[in-house]
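**Student:** Have a look at the structure that comes next, please.
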Amino acid sequence: METRLRKLDDEKRAALIEAAMEEIAANGIEGASYNRIIERSGLSKGAVYYYFENKESLYGTVLEEVEQKLISSVGRLKMPETAGEFWPSCRLYYEKAVRFGFENLDMVKVVRSLLEPAAGDRRNGEIYRNFRKIDRWTSSLLKRGQELGAIRRDAPEDLLKRVLQAAGHAMDSWFFERMEKRPESAAADAFLNFALDMFERILSPGGAV
């Protein structure tokens, strides 16, 4: 599949991925139609099926594209080396990630459609490989925070991770829903201050001071 994909020229690949993002953003992962994606892209059905066996394989490539654009814009969070570095590093990275989403709402819609709680039972499929990678990275970050004394140890790591993911999903969904409906009413700075304060209060030993 990778060999085939490399043979797809950049213009056609970009058209196909853009069409898939538009379709998922408009209709969600469940409502997205492979046929409408093909129509939007302007490519023949035979060509698309040659490069992608089904829409799941295409969606996986779309998510990889989103990940690469995020990394090229925001970079990767380097694991903090001291307790004093931990929360400032996390805050800076989260701010960059939210501002990236602020400027790329269609990408946010695509990712959010895959992160809805109802999608939990389907996350063993190939389409979710990128999210499993993020899940492992989150575990590593929490473990590092515990080693440095910046993250509480009075609960199992997997419970802390679920709480963090649930809180993050709730806050990000609230913010980006308002961005989509009334962009002028979404105060990014106020949201960031609130969200980051909540993360630190939930996860810090004894809560944030």
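**Student:** Keeping all protein chains in place, calculate the accessible area per residue for segment 1-82 (probe 1.4 angstrom), answer in Å². Write out the running numbers ahead of the final one.
**Tutor:** On the way: 4640 Å² over 82 residues.
Dividing the accessible area of segment 1-82 by its residue count gives 57 Å².
**Student:** Let me ask another. How much accessible surface area, in Å² rounded to 10, belongs to the heavy atoms of D197 with a 1.4 Å probe?
**Tutor:** 60
**Student:** Below 11 angstrom from the Cβ of G42, what's the summed charge of the other residues (Lys, Arg +1; Asp, Glu -1)?
**Tutor:** Working: positive: K12, R40; negative: E11, E18, E39.
Net charge around G42: -1.
**Student:** Sticking with this one: Going down the list K161/K181; K12/K55; K12/K181; K78/K143; K133/K161, which pairs span over 22 Å between their C-alpha atoms?
**Tutor:** K161/K181; K12/K181
**Student:** So how far apart, in nm, are the two label points at D158 and M79 if each is 7 Å from Cα heading toward Cβ?
**Tutor:** 2.1
**Student:** Leaving ligands, DNA and RNA out of it, report the carbon-plus-sulfur percent of the accessible area of segment 6-78 at a 1.4 Å probe.
**Tutor:** 45
**Student:** What number, in percent, do you get for the relative contact order of segment 9-112 if the mean sequence gap of Cα pairs under 8 Å and at least 6 apart is divided by its residue count?
**Tutor:** 33
**Student:** Shifting gears a bit: Can you tell which of A47, I29, L70 lies farthest toward the positive end of the dipole of segment 1-96, using +1 and -1 charges on the Cβ of basic and acidic side chains (Lys, Arg; Asp, Glu)?
**Tutor:** Highest projection toward the positive end goes to A47.
**Student:** Let's test the formula: R0 of 30 Å, r as the Cβ-Cβ distance of R178 and S57. What FRET efficiency results, to the nearest 0.05?
**Tutor:** On the way: r = 33 Å, r/R0 = 1.11.
The pair R178/S57 has a calculated efficiency of 0.35.
**Student:** Would you mind putting 75-81, 161-167 in packing order, based on average other-beta-carbon counts within 10 Å, highest first?
**Tutor:** Going from most to least packed, we get 161-167, 75-81.
The values are calculated or read from the model by the stated rules, or taken from the named source; none is laboratory data. Note that the coordinates shown come from a computational prediction; the quantities given were computed from them, not determined experimentally. All Cβ positions, even for glycine, are placed from backbone atoms using ideal geometry, and neighbour counts span all protein chains on display. Heads up: the accessible areas ignore ligands, DNA and RNA and are worked out on the full protein's heavy atoms, side chains in. Shrake-Rupley method; radii C 1.70, N 1.55, O 1.52, S 1.80 Å.
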